[in-house]
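Beneath this line is the structure, given in structure tokens, with notes to follow.
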Amino acid sequence: GKRYSILPILTLDGIVAYDIIEGSVTSEQFVQFLREHVIPLTNPYPGPCSVLILDNCSIHHSEEVRKVIEDEAGQSIYSY
């Protein structure tokens, strides 16, 4: 059968946006999701929606993801 991936934006208020993609999510699709759905909802720290938490999925750790978050959202990246 077909497989799907879901990219949700989960906040304290629940899921506020999502995208469903057939198959596995590529780095390019993830960056596009960040630009179209995540970045428009972010605010400067310490405002609401000012912290973005990503798990250890390999597509979350590309240089392009870092650039999008730092340059387009104006947020700093902290890794643990």
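Overview of values
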{"item": "Per residue, in Å², the accessible surface of the chain once ligands and nucleic acids are set aside, probe 1.4 Å", "result": "76 Å²"}
{"item": "Point-to-point label distance, Glu63-Glu28, nm (Cα→Cβ direction, 7 Å offset)", "result": "1.8 nm"}
{"item": "Protein accessible area in the chain, 1.4 Å probe - carbon and sulfur %", "result": "53 percent"}
{"item": "Per-residue HN-Hα couplings for the stretch 63-75 [Karplus 6.51, -1.76, 1.60; θ = phi - 60°; Hz; x = Gly/Pro]", "result": "4, 5, 4, 4, 4, 4, 5, 6, 7, 8, 9, x, 10"}
{"item": "Probe 1.4 Å - accessible area at Glu36, Å² to nearest ten", "result": "100 Å²"}
{"item": "Mean separation of Cα contacts under 8 Å (6+ apart) over length of the chain, as relative contact order %", "result": "23 percent"}
{"item": "Computed label-point distance, nm, for sites His37 and Ile15 using a 7 Å Cα→Cβ extension", "result": "0.9 nm"}
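The values are calculated or read from the model by the stated rules, or taken from the named source; none is laboratory data. Worth saying up front: this structure is predicted, and the values here are computed from it rather than measured. Heads up, the Cβs are rebuilt from the backbone with ideal geometry, glycines too, and the neighbour counts pull from every protein chain shown. To get the accessible areas, we keep the full protein, side chains included, count just its heavy atoms, and leave off ligands, DNA and RNA. Shrake-Rupley method; radii C 1.70, N 1.55, O 1.52, S 1.80 Å.
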